[in-house]
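The values are calculated or read from the model by the stated rules, or taken from the named source; none is laboratory data. Here the structure is a predicted model, which means the values were calculated and not measured. Remember, those area values only see protein heavy atoms, side chains included, never the ligands or the DNA or RNA. Shrake-Rupley method; radii C 1.70, N 1.55, O 1.52, S 1.80 Å.
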Amino acid sequence: MPQPKALVWFRNDLRVSDNPALSAAVASGLPLLCLYILDEGGPDRRAPGDASCWRLDRALAALEGELAQRGATLFFLRGSAETLLPRVAEAAGASQIFWSRRYGGAEIALDTRLKQALRDQGRAVHSFNAALLAEPWEVTSRAGGGFKLFTPFWRALRERIAFTPRAPAPERLSGASWPEAAPPPLGRAALSLAPIRPNWAAGFPGPEAGESGAQTRLRNFLDSTLDGYGTNRDRLDLEATSRLSAHLHFGEISPRQIVAAMAEPTQGADKFLSELGWREFSHHLLYARPDLAWRNVDARFDAFPYARDDEALDAWKGGRTGYPVVDAAMRELWTTGHMHNRARMVVASFLTKHLLIDWREGEQWFWDTLADADEANNAASWQWVAGCGADAAPYFRIFNPVLQGEKFDPDGAYVRRFCPELSVLPAGFIHKPWAAPEAVRAAAGVRLGETYPHPIVDHDFARRRALDAFRALAA
Ligand code: FAD
(Lines give C-alpha, C1' and ligand atoms only; values in the text may rest on other atoms or scores of the structure.)
Protein backbone atom coordinates (compact mmCIF):
# COMPACT_ATOMS: atom_id res chain seq x y z
CA MET A 1 0.00 0.00 0.00
CA PRO A 2 1.47 3.44 -0.93
CA GLN A 3 1.61 6.02 1.85
CA PRO A 4 -1.59 8.19 1.71
CA LYS A 5 -1.24 11.43 -0.17
CA ALA A 6 -3.13 14.60 -0.91
CA LEU A 7 -3.64 15.18 -4.62
CA VAL A 8 -3.95 18.83 -5.66
CA TRP A 9 -5.43 19.16 -9.12
CA PHE A 10 -4.57 22.64 -10.46
CA ARG A 11 -6.83 24.11 -13.15
CA ASN A 12 -7.60 27.85 -13.36
CA ASP A 13 -6.03 28.57 -9.96
CA LEU A 14 -2.35 28.69 -10.95
CA ARG A 15 -0.94 30.29 -7.81
CA VAL A 16 0.30 29.31 -4.35
CA SER A 17 -0.98 32.28 -2.29
CA ASP A 18 -4.69 32.57 -1.45
CA ASN A 19 -5.27 29.20 -3.02
CA PRO A 20 -7.78 27.52 -0.70
CA ALA A 21 -7.41 24.08 -2.34
CA LEU A 22 -3.65 24.13 -1.82
CA SER A 23 -4.00 25.51 1.74
CA ALA A 24 -6.46 22.76 2.66
CA ALA A 25 -4.17 20.11 1.17
CA VAL A 26 -1.27 21.47 3.20
CA ALA A 27 -3.44 21.46 6.33
CA SER A 28 -4.18 17.75 5.78
CA GLY A 29 -0.55 17.10 6.71
CA LEU A 30 -0.20 14.58 3.86
CA PRO A 31 2.56 14.66 1.23
CA LEU A 32 1.33 16.63 -1.79
CA LEU A 33 1.06 15.37 -5.32
CA CYS A 34 0.55 18.48 -7.48
CA LEU A 35 -0.92 17.80 -10.91
CA TYR A 36 -1.92 19.70 -14.03
CA ILE A 37 -3.78 17.82 -16.75
CA LEU A 38 -3.94 19.36 -20.20
CA ASP A 39 -7.42 18.22 -21.19
CA GLU A 40 -8.18 19.79 -24.53
CA GLY A 41 -11.91 19.33 -24.44
CA GLY A 42 -14.17 16.83 -26.08
CA PRO A 43 -17.46 16.87 -27.89
CA ASP A 44 -19.02 18.95 -25.12
CA ARG A 45 -16.05 21.24 -24.43
CA ARG A 46 -14.25 23.76 -26.60
CA ALA A 47 -10.48 23.40 -26.84
CA PRO A 48 -8.61 26.54 -25.73
CA GLY A 49 -7.43 28.84 -28.50
CA ASP A 50 -3.80 29.18 -29.61
CA ALA A 51 -3.08 32.47 -27.82
CA SER A 52 -4.60 31.12 -24.64
CA CYS A 53 -2.38 28.01 -24.89
CA TRP A 54 0.68 30.23 -25.29
CA ARG A 55 -0.32 32.16 -22.16
CA LEU A 56 -1.11 28.96 -20.27
CA ASP A 57 2.41 27.69 -20.94
CA ARG A 58 3.81 30.78 -19.26
CA ALA A 59 1.44 30.46 -16.32
CA LEU A 60 2.40 26.81 -15.83
CA ALA A 61 6.10 27.59 -16.03
CA ALA A 62 5.67 30.18 -13.28
CA LEU A 63 3.66 27.85 -11.06
CA GLU A 64 6.19 25.07 -11.59
CA GLY A 65 8.85 27.45 -10.27
CA GLU A 66 6.78 28.63 -7.27
CA LEU A 67 6.09 25.03 -6.23
CA ALA A 68 9.66 23.85 -6.81
CA GLN A 69 11.02 26.69 -4.63
CA ARG A 70 8.87 25.35 -1.81
CA GLY A 71 9.74 21.69 -2.22
CA ALA A 72 6.98 20.31 -4.47
CA THR A 73 6.97 19.22 -8.10
CA LEU A 74 4.21 20.14 -10.53
CA PHE A 75 3.53 17.04 -12.65
CA PHE A 76 1.93 17.23 -16.10
CA LEU A 77 -0.30 14.86 -18.01
CA ARG A 78 -2.17 15.29 -21.26
CA GLY A 79 -5.52 13.68 -22.08
CA SER A 80 -8.93 13.10 -20.59
CA ALA A 81 -9.02 14.22 -16.95
CA GLU A 82 -11.99 11.97 -16.44
CA THR A 83 -9.83 8.95 -17.21
CA LEU A 84 -6.49 10.14 -15.87
CA LEU A 85 -7.38 11.62 -12.50
CA PRO A 86 -8.89 8.43 -10.98
CA ARG A 87 -5.92 6.42 -12.32
CA VAL A 88 -3.39 8.75 -10.71
CA ALA A 89 -5.38 8.86 -7.47
CA GLU A 90 -5.42 5.06 -7.37
CA ALA A 91 -1.73 4.68 -8.18
CA ALA A 92 -0.74 7.33 -5.64
CA GLY A 93 -3.03 6.10 -2.90
CA ALA A 94 -4.45 9.62 -2.71
CA SER A 95 -6.89 9.57 0.17
CA GLN A 96 -7.86 13.21 -0.37
CA ILE A 97 -8.23 15.24 -3.54
CA PHE A 98 -8.38 19.04 -3.68
CA TRP A 99 -9.42 21.39 -6.47
CA SER A 100 -10.91 24.83 -7.17
CA ARG A 101 -14.40 25.04 -8.64
CA ARG A 102 -15.22 26.07 -12.23
CA TYR A 103 -18.48 27.57 -13.51
CA GLY A 104 -18.93 26.49 -17.16
CA GLY A 105 -21.64 23.90 -17.78
CA ALA A 106 -19.39 21.19 -19.24
CA GLU A 107 -16.77 21.74 -16.53
CA ILE A 108 -19.34 21.46 -13.76
CA ALA A 109 -20.70 18.26 -15.32
CA LEU A 110 -17.19 16.80 -15.56
CA ASP A 111 -16.27 17.77 -12.00
CA THR A 112 -19.52 16.30 -10.69
CA ARG A 113 -18.88 12.99 -12.47
CA LEU A 114 -15.29 12.92 -11.23
CA LYS A 115 -16.27 13.72 -7.66
CA GLN A 116 -18.66 10.77 -7.70
CA ALA A 117 -16.13 8.40 -9.27
CA LEU A 118 -13.43 9.35 -6.77
CA ARG A 119 -15.80 9.06 -3.84
CA ASP A 120 -16.86 5.65 -5.13
CA GLN A 121 -13.17 4.70 -4.87
CA GLY A 122 -13.35 5.70 -1.19
CA ARG A 123 -11.51 9.04 -1.50
CA ALA A 124 -12.49 12.37 0.01
CA VAL A 125 -12.88 15.19 -2.51
CA HIS A 126 -12.76 18.84 -1.43
CA SER A 127 -13.54 21.74 -3.76
CA PHE A 128 -13.23 25.49 -3.18
CA ASN A 129 -13.95 28.92 -4.61
CA ALA A 130 -10.65 30.38 -5.78
CA ALA A 131 -11.87 32.46 -8.73
CA LEU A 132 -14.73 34.71 -7.68
CA LEU A 133 -15.65 37.24 -5.02
CA ALA A 134 -18.86 35.28 -4.56
CA GLU A 135 -20.15 32.15 -6.22
CA PRO A 136 -23.32 32.29 -8.32
CA TRP A 137 -25.49 30.64 -5.70
CA GLU A 138 -24.33 33.07 -3.02
CA VAL A 139 -25.66 36.21 -4.69
CA THR A 140 -29.33 35.91 -5.51
CA SER A 141 -32.26 38.23 -6.03
CA ARG A 142 -34.99 38.58 -3.39
CA ALA A 143 -36.96 35.94 -5.23
CA GLY A 144 -34.01 33.60 -4.80
CA GLY A 145 -33.01 33.42 -8.49
CA GLY A 146 -30.05 34.77 -10.46
CA PHE A 147 -29.86 38.42 -11.55
CA LYS A 148 -30.58 39.45 -15.13
CA LEU A 149 -29.44 43.07 -14.68
CA PHE A 150 -25.99 44.21 -13.68
CA THR A 151 -26.92 47.11 -11.36
CA PRO A 152 -28.96 45.14 -8.79
CA PHE A 153 -26.45 42.28 -9.04
CA TRP A 154 -23.58 44.61 -8.30
CA ARG A 155 -25.45 46.29 -5.44
CA ALA A 156 -26.02 42.89 -3.84
CA LEU A 157 -22.44 41.73 -4.40
CA ARG A 158 -20.79 45.02 -3.43
CA GLU A 159 -22.29 44.76 0.06
CA ARG A 160 -20.70 41.37 0.59
CA ILE A 161 -17.16 42.24 -0.44
CA ALA A 162 -14.68 41.70 2.37
CA PHE A 163 -11.55 43.83 2.15
CA THR A 164 -9.71 41.49 4.49
CA PRO A 165 -6.15 40.18 3.98
CA ARG A 166 -5.83 36.86 2.15
CA ALA A 167 -3.76 33.80 2.99
CA PRO A 168 -0.06 34.17 2.15
CA ALA A 169 1.78 31.49 0.19
CA PRO A 170 2.88 28.48 2.25
CA GLU A 171 6.60 28.66 3.00
CA ARG A 172 7.38 24.95 2.58
CA LEU A 173 5.54 22.16 0.88
CA SER A 174 6.09 18.49 1.40
CA GLY A 175 6.02 17.28 -2.19
CA ALA A 176 5.43 13.61 -3.07
CA SER A 177 7.19 11.73 -5.86
CA TRP A 178 5.30 10.45 -8.87
CA PRO A 179 3.70 7.03 -8.31
CA GLU A 180 5.30 4.34 -10.44
CA ALA A 181 2.01 2.72 -11.38
CA ALA A 182 0.55 5.96 -12.75
CA PRO A 183 0.74 6.99 -16.43
CA PRO A 184 4.20 8.56 -16.91
CA PRO A 185 4.23 12.33 -16.43
CA LEU A 186 5.34 14.67 -19.22
CA GLY A 187 7.73 17.59 -19.17
CA ARG A 188 5.92 20.92 -19.67
CA ALA A 189 7.52 21.33 -23.11
CA ALA A 190 5.92 18.05 -24.21
CA LEU A 191 2.51 19.68 -23.79
CA SER A 192 3.45 21.72 -26.91
CA LEU A 193 1.49 24.74 -25.75
CA ALA A 194 3.86 27.41 -27.04
CA PRO A 195 4.44 27.86 -30.77
CA ILE A 196 7.94 27.09 -32.03
CA ARG A 197 8.06 27.21 -35.83
CA PRO A 198 6.78 29.70 -36.75
CA ASN A 199 6.85 31.49 -33.41
CA TRP A 200 3.86 33.73 -34.07
CA ALA A 201 3.90 34.85 -30.43
CA ALA A 202 7.32 36.50 -30.72
CA GLY A 203 5.73 39.96 -30.43
CA PHE A 204 3.46 39.05 -27.52
CA PRO A 205 4.35 40.86 -24.29
CA GLY A 206 6.35 38.54 -22.16
CA PRO A 207 8.11 39.14 -18.94
CA GLU A 208 5.52 38.97 -16.30
CA ALA A 209 3.29 35.88 -16.35
CA GLY A 210 2.67 34.06 -13.09
CA GLU A 211 1.78 35.03 -9.61
CA SER A 212 4.71 37.32 -8.85
CA GLY A 213 4.16 39.14 -12.17
CA ALA A 214 0.49 39.57 -11.26
CA GLN A 215 1.33 40.98 -7.83
CA THR A 216 3.86 43.42 -9.31
CA ARG A 217 1.35 44.56 -11.91
CA LEU A 218 -1.32 45.02 -9.26
CA ARG A 219 0.99 47.08 -7.04
CA ASN A 220 2.09 49.29 -9.94
CA PHE A 221 -1.50 49.76 -11.02
CA LEU A 222 -2.70 50.71 -7.53
CA ASP A 223 0.24 53.06 -6.97
CA SER A 224 0.26 54.91 -10.25
CA THR A 225 -2.78 54.23 -12.45
CA LEU A 226 -5.83 53.66 -10.28
CA ASP A 227 -6.42 57.34 -9.48
CA GLY A 228 -6.87 58.17 -13.15
CA TYR A 229 -8.68 54.93 -14.03
CA GLY A 230 -12.19 56.41 -14.05
CA THR A 231 -11.16 59.20 -16.44
CA ASN A 232 -8.62 57.45 -18.63
CA ARG A 233 -9.68 53.82 -18.88
CA ASP A 234 -11.24 54.34 -22.32
CA ARG A 235 -8.17 56.00 -23.81
CA LEU A 236 -6.67 53.71 -26.44
CA ASP A 237 -3.40 55.60 -26.51
CA LEU A 238 -2.65 55.37 -22.77
CA GLU A 239 -1.71 52.50 -20.45
CA ALA A 240 -4.59 53.35 -18.16
CA THR A 241 -6.01 49.97 -17.18
CA SER A 242 -4.71 47.18 -14.97
CA ARG A 243 -3.92 44.54 -17.65
CA LEU A 244 -4.79 41.91 -15.05
CA SER A 245 -7.28 39.98 -17.21
CA ALA A 246 -5.03 37.06 -18.20
CA HIS A 247 -3.65 36.85 -14.66
CA LEU A 248 -7.24 36.62 -13.41
CA HIS A 249 -8.28 34.14 -16.06
CA PHE A 250 -5.52 31.68 -15.18
CA GLY A 251 -5.90 32.31 -11.47
CA GLU A 252 -2.41 33.76 -11.01
CA ILE A 253 -4.16 36.29 -8.80
CA SER A 254 -7.57 36.11 -7.17
CA PRO A 255 -10.16 38.90 -7.21
CA ARG A 256 -10.16 38.65 -3.41
CA GLN A 257 -6.44 39.43 -3.35
CA ILE A 258 -7.12 42.45 -5.55
CA VAL A 259 -9.83 43.87 -3.30
CA ALA A 260 -7.79 43.09 -0.18
CA ALA A 261 -4.93 45.14 -1.65
CA MET A 262 -7.31 48.07 -2.17
CA ALA A 263 -8.43 48.12 1.48
CA GLU A 264 -11.62 50.26 1.62
CA PRO A 265 -11.65 51.79 -1.85
CA THR A 266 -11.87 55.48 -2.54
CA GLN A 267 -14.45 57.01 -4.82
CA GLY A 268 -12.08 56.77 -7.81
CA ALA A 269 -11.48 53.08 -7.25
CA ASP A 270 -15.17 52.26 -7.42
CA LYS A 271 -15.12 52.18 -11.21
CA PHE A 272 -12.33 49.62 -11.18
CA LEU A 273 -14.18 47.52 -8.60
CA SER A 274 -17.29 47.58 -10.75
CA GLU A 275 -15.28 46.18 -13.69
CA LEU A 276 -14.38 43.27 -11.45
CA GLY A 277 -18.12 43.21 -10.83
CA TRP A 278 -18.73 42.72 -14.59
CA ARG A 279 -16.37 39.76 -14.45
CA GLU A 280 -18.41 38.32 -11.60
CA PHE A 281 -21.68 39.05 -13.42
CA SER A 282 -20.39 37.28 -16.54
CA HIS A 283 -19.53 34.19 -14.49
CA HIS A 284 -22.92 34.26 -12.85
CA LEU A 285 -24.55 34.47 -16.28
CA LEU A 286 -22.48 31.55 -17.56
CA TYR A 287 -23.50 29.49 -14.55
CA ALA A 288 -27.18 30.25 -15.23
CA ARG A 289 -26.79 29.79 -19.00
CA PRO A 290 -24.18 27.17 -19.85
CA ASP A 291 -24.92 27.85 -23.54
CA LEU A 292 -23.90 31.53 -23.24
CA ALA A 293 -21.19 31.20 -25.91
CA TRP A 294 -23.49 29.92 -28.61
CA ARG A 295 -27.14 30.80 -27.85
CA ASN A 296 -28.71 34.28 -27.78
CA VAL A 297 -29.85 35.17 -24.27
CA ASP A 298 -32.61 37.20 -25.93
CA ALA A 299 -34.33 34.57 -28.05
CA ARG A 300 -35.82 37.21 -30.37
CA PHE A 301 -32.37 37.42 -31.92
CA ASP A 302 -32.71 33.84 -33.17
CA ALA A 303 -34.65 35.41 -36.06
CA PHE A 304 -32.09 38.17 -36.73
CA PRO A 305 -31.09 38.24 -40.41
CA TYR A 306 -27.32 37.89 -39.90
CA ALA A 307 -25.31 38.29 -43.09
CA ARG A 308 -23.02 35.60 -44.49
CA ASP A 309 -20.10 37.58 -45.86
CA ASP A 310 -16.76 35.78 -45.69
CA GLU A 311 -14.90 38.55 -47.47
CA ALA A 312 -16.00 41.16 -44.93
CA LEU A 313 -15.32 38.78 -42.06
CA ASP A 314 -11.78 38.20 -43.34
CA ALA A 315 -11.21 41.94 -43.73
CA TRP A 316 -12.36 42.43 -40.13
CA LYS A 317 -10.12 39.65 -38.80
CA GLY A 318 -7.13 40.91 -40.74
CA GLY A 319 -7.53 44.60 -39.84
CA ARG A 320 -8.36 45.69 -43.42
CA THR A 321 -11.79 47.32 -43.04
CA GLY A 322 -10.61 50.80 -44.04
CA TYR A 323 -11.60 52.20 -40.62
CA PRO A 324 -8.29 52.91 -38.89
CA VAL A 325 -9.42 52.42 -35.30
CA VAL A 326 -11.03 49.07 -36.14
CA ASP A 327 -7.98 47.96 -38.10
CA ALA A 328 -5.53 49.07 -35.39
CA ALA A 329 -7.51 47.13 -32.80
CA MET A 330 -7.68 43.94 -34.86
CA ARG A 331 -3.95 44.16 -35.53
CA GLU A 332 -3.26 44.81 -31.85
CA LEU A 333 -5.08 41.56 -31.16
CA TRP A 334 -3.17 39.61 -33.82
CA THR A 335 0.28 40.91 -32.92
CA THR A 336 0.03 41.07 -29.10
CA GLY A 337 -2.75 38.66 -28.05
CA HIS A 338 -4.49 41.55 -26.28
CA MET A 339 -6.97 44.28 -27.17
CA HIS A 340 -8.05 47.33 -25.19
CA ASN A 341 -11.58 47.09 -23.77
CA ARG A 342 -12.87 50.15 -25.65
CA ALA A 343 -11.41 48.72 -28.85
CA ARG A 344 -13.12 45.38 -28.16
CA MET A 345 -16.43 47.22 -27.95
CA VAL A 346 -15.78 49.18 -31.15
CA VAL A 347 -14.75 46.15 -33.24
CA ALA A 348 -17.57 44.01 -31.87
CA SER A 349 -20.08 46.72 -32.70
CA PHE A 350 -18.55 47.07 -36.17
CA LEU A 351 -18.82 43.34 -36.87
CA THR A 352 -22.35 42.90 -35.59
CA LYS A 353 -23.87 46.23 -36.62
CA HIS A 354 -21.91 47.64 -39.57
CA LEU A 355 -21.39 44.25 -41.17
CA LEU A 356 -24.42 42.48 -39.62
CA ILE A 357 -22.25 39.41 -39.05
CA ASP A 358 -23.26 36.96 -36.32
CA TRP A 359 -21.59 37.78 -32.97
CA ARG A 360 -20.59 34.09 -32.64
CA GLU A 361 -18.08 34.56 -35.49
CA GLY A 362 -16.41 37.35 -33.51
CA GLU A 363 -16.60 35.47 -30.25
CA GLN A 364 -14.82 32.50 -31.83
CA TRP A 365 -12.11 34.72 -33.34
CA PHE A 366 -11.48 36.33 -29.95
CA TRP A 367 -11.46 32.88 -28.38
CA ASP A 368 -8.64 31.83 -30.74
CA THR A 369 -6.57 35.00 -30.57
CA LEU A 370 -6.93 36.54 -27.08
CA ALA A 371 -4.41 35.54 -24.45
CA ASP A 372 -7.07 36.32 -21.82
CA ALA A 373 -9.84 34.44 -23.69
CA ASP A 374 -12.40 33.54 -21.09
CA GLU A 375 -15.64 31.69 -21.76
CA ALA A 376 -17.72 33.81 -19.38
CA ASN A 377 -16.27 37.28 -20.08
CA ASN A 378 -15.98 36.78 -23.81
CA ALA A 379 -19.43 35.36 -24.46
CA ALA A 380 -21.22 37.75 -22.09
CA SER A 381 -19.43 40.76 -23.59
CA TRP A 382 -20.11 39.73 -27.19
CA GLN A 383 -23.80 39.23 -26.46
CA TRP A 384 -23.86 42.56 -24.62
CA VAL A 385 -22.44 44.47 -27.58
CA ALA A 386 -24.57 42.60 -30.12
CA GLY A 387 -27.67 43.58 -28.16
CA CYS A 388 -28.88 40.04 -27.51
CA GLY A 389 -27.34 39.53 -24.05
CA ALA A 390 -28.43 40.04 -20.48
CA ASP A 391 -28.67 43.75 -19.68
CA ALA A 392 -27.39 44.35 -23.23
CA ALA A 393 -26.39 47.58 -24.90
CA PRO A 394 -29.46 49.10 -26.58
CA TYR A 395 -29.74 48.17 -30.23
CA PHE A 396 -29.54 51.79 -31.37
CA ARG A 397 -26.06 52.17 -29.87
CA ILE A 398 -24.02 51.81 -33.04
CA PHE A 399 -20.53 53.13 -32.54
CA ASN A 400 -19.26 55.52 -35.17
CA PRO A 401 -15.69 54.26 -35.66
CA VAL A 402 -14.42 57.68 -36.71
CA LEU A 403 -15.83 59.47 -33.66
CA GLN A 404 -14.69 56.68 -31.35
CA GLY A 405 -11.18 57.04 -32.73
CA GLU A 406 -11.20 60.83 -32.43
CA LYS A 407 -12.47 60.68 -28.86
CA PHE A 408 -10.35 57.90 -27.44
CA ASP A 409 -7.22 58.17 -29.59
CA PRO A 410 -7.16 61.95 -30.11
CA ASP A 411 -3.67 62.23 -31.60
CA GLY A 412 -3.88 58.90 -33.39
CA ALA A 413 -1.01 57.30 -31.46
CA TYR A 414 -2.84 53.97 -31.23
CA VAL A 415 -3.55 53.90 -34.97
CA ARG A 416 -0.01 55.00 -35.82
CA ARG A 417 1.38 52.16 -33.71
CA PHE A 418 -0.62 49.36 -35.29
CA CYS A 419 -1.24 50.78 -38.79
CA PRO A 420 2.21 52.12 -39.71
CA GLU A 421 1.10 52.78 -43.29
CA LEU A 422 -1.00 55.66 -41.89
CA SER A 423 1.54 56.93 -39.40
CA VAL A 424 2.48 60.13 -41.20
CA LEU A 425 -1.11 61.38 -41.66
CA PRO A 426 -1.96 64.50 -39.63
CA ALA A 427 -4.10 63.87 -36.53
CA GLY A 428 -7.13 65.52 -38.16
CA PHE A 429 -7.28 62.77 -40.80
CA ILE A 430 -5.78 59.77 -39.08
CA HIS A 431 -9.23 58.33 -38.29
CA LYS A 432 -10.68 59.14 -41.74
CA PRO A 433 -7.95 59.01 -44.38
CA TRP A 434 -10.55 59.18 -47.17
CA ALA A 435 -11.47 62.71 -46.04
CA ALA A 436 -7.91 64.03 -46.41
CA PRO A 437 -7.15 66.14 -49.49
CA GLU A 438 -5.31 64.12 -52.14
CA ALA A 439 -2.14 66.18 -51.58
CA VAL A 440 -2.16 65.44 -47.82
CA ARG A 441 -2.54 61.73 -48.48
CA ALA A 442 0.17 61.82 -51.12
CA ALA A 443 2.56 63.59 -48.73
CA ALA A 444 1.84 60.88 -46.13
CA GLY A 445 2.42 58.09 -48.68
CA VAL A 446 -1.20 56.89 -48.36
CA ARG A 447 -2.82 55.59 -51.55
CA LEU A 448 -6.35 54.40 -50.85
CA GLY A 449 -7.05 51.03 -52.35
CA GLU A 450 -3.29 50.34 -52.55
CA THR A 451 -1.42 51.08 -49.33
CA TYR A 452 -4.60 51.19 -47.22
CA PRO A 453 -8.14 50.03 -48.08
CA HIS A 454 -11.19 52.13 -48.81
CA PRO A 455 -13.85 51.67 -46.09
CA ILE A 456 -15.55 48.34 -46.77
CA VAL A 457 -18.92 49.82 -45.89
CA ASP A 458 -20.23 53.38 -45.65
CA HIS A 459 -20.96 54.34 -42.04
CA ASP A 460 -24.28 56.16 -42.64
CA PHE A 461 -25.59 53.39 -44.88
CA ALA A 462 -24.51 50.68 -42.40
CA ARG A 463 -26.08 52.51 -39.49
CA ARG A 464 -29.44 52.87 -41.25
CA ARG A 465 -29.35 49.24 -42.38
CA ALA A 466 -28.64 48.01 -38.85
CA LEU A 467 -31.33 50.19 -37.28
CA ASP A 468 -33.89 48.90 -39.80
CA ALA A 469 -32.95 45.29 -39.05
CA PHE A 470 -33.11 45.84 -35.29
CA ARG A 471 -36.41 47.71 -35.51
CA ALA A 472 -37.94 44.92 -37.57
CA LEU A 473 -36.87 42.46 -34.89
CA ALA A 474 -38.33 44.55 -32.07
CA ALA A 475 -41.65 45.07 -33.88
P1 FAD B 1 -9.34 46.56 -16.48
O2 FAD B 1 -10.08 47.71 -17.07
O3 FAD B 1 -8.17 46.88 -15.67
O4 FAD B 1 -10.41 45.74 -15.61
C5 FAD B 1 -10.05 44.92 -14.50
C6 FAD B 1 -10.58 43.53 -14.69
O7 FAD B 1 -12.01 43.53 -14.70
C8 FAD B 1 -10.17 42.88 -15.99
O9 FAD B 1 -8.88 42.32 -15.89
C10 FAD B 1 -11.27 41.84 -16.19
O11 FAD B 1 -11.01 40.67 -15.44
C12 FAD B 1 -12.48 42.52 -15.58
N13 FAD B 1 -13.28 43.17 -16.64
C14 FAD B 1 -13.11 44.41 -17.15
N15 FAD B 1 -14.08 44.67 -18.06
C16 FAD B 1 -14.86 43.57 -18.11
C17 FAD B 1 -16.03 43.24 -18.86
N18 FAD B 1 -16.60 44.09 -19.72
N19 FAD B 1 -16.55 42.01 -18.68
C20 FAD B 1 -16.02 41.14 -17.81
N21 FAD B 1 -14.92 41.41 -17.07
C22 FAD B 1 -14.35 42.62 -17.22
N23 FAD B 1 -12.27 39.91 -20.78
C24 FAD B 1 -11.61 38.76 -20.53
O25 FAD B 1 -11.01 38.62 -19.46
N26 FAD B 1 -11.62 37.73 -21.44
C27 FAD B 1 -12.28 37.82 -22.63
O28 FAD B 1 -12.28 36.85 -23.40
C29 FAD B 1 -12.95 39.04 -22.93
N30 FAD B 1 -13.60 39.20 -24.11
C31 FAD B 1 -14.24 40.39 -24.37
C32 FAD B 1 -14.94 40.54 -25.58
C33 FAD B 1 -15.59 41.72 -25.87
C34 FAD B 1 -16.36 41.87 -27.18
C35 FAD B 1 -15.57 42.79 -24.95
C36 FAD B 1 -16.29 44.09 -25.25
C37 FAD B 1 -14.91 42.65 -23.74
C38 FAD B 1 -14.25 41.45 -23.42
N39 FAD B 1 -13.56 41.28 -22.21
C40 FAD B 1 -12.93 40.08 -21.94
C41 FAD B 1 -13.66 42.30 -21.13
C42 FAD B 1 -12.54 43.37 -21.14
O43 FAD B 1 -12.38 43.90 -22.41
C44 FAD B 1 -11.20 42.84 -20.65
O45 FAD B 1 -11.35 42.13 -19.44
C46 FAD B 1 -10.23 44.00 -20.40
O47 FAD B 1 -10.02 44.72 -21.60
C48 FAD B 1 -8.91 43.48 -19.88
O49 FAD B 1 -8.01 44.54 -19.67
P50 FAD B 1 -7.63 44.99 -18.21
O51 FAD B 1 -7.26 43.79 -17.39
O52 FAD B 1 -6.63 46.07 -18.33
O53 FAD B 1 -9.02 45.55 -17.67
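For the range 337-475, the Stokes-Einstein estimate of translational diffusion at 4 °C and a viscosity of 1.567 mPa s comes to 79 µm²/s, using the Kirkwood hydrodynamic radius over alpha-carbon pairs. Overall, the accessible surface of the chain at a probe of 1.4 angstrom is composed of carbon and sulfur to the extent of 52 percent. Extension gain, residue 471-residue 232: 0.36 nm per intervening residue step, less the Cα-Cα distance, totals 82.6 nm. The residues of the chain present an accessible area of 43 Å² per residue when probed at 1.4 Å with all protein chains retained. When shorter helices are ignored and each DSSP H run of at least 4 residues is given -39500 (n - 2.57), the per-residue value for the chain at 222 nm works out to -13500 deg cm²/dmol.
Find the relative contact order for the chain and round it to a whole percent, using C-alpha pairs within less than 8 Å whose residues are 6+ positions apart. Present the calculation step by step, with values, prior to reporting the outcome.
Details: 776 pairs, mean separation 82.7, N = 475.
Computed value for the chain: 17 percent relative contact order.
Most simply put, the chain has about 10% antiparallel DSSP beta bridges, counting only bridges with both residues inside it. Accessible area of residue 407 (1.4 Å probe, protein heavy atoms only, ligands and nucleic acids ignored): about 140 Å². Which of the pairs 148/407; 271/432; 317/353; 115/148; 271/353 have their Cα atoms more than 24 Å apart in this structure? Check vs 24 Å cut-off fails for 148/407; 271/432; 115/148; 271/353. Each of 224, 349 has its accessible area taken with a 1.4 Å probe; listed largest first, they run 224, 349. Working note: Cα gyration tensor of the range 5-130, eigenvalues times five, square-rooted, sorted largest first, giving semi-axes of 21, 19, 13 Å. Roughly speaking, what % of Cα-Cα pairs in the chain are separated by over 27 Å, rounded to a whole number? Cα-Cα pairs in the chain separated by more than 27 Å: 58 percent.
Taking Cα pairs under 8 Å and at least six residues apart, what relative contact order does the range 299-474 come out at, in percent?
27 percent
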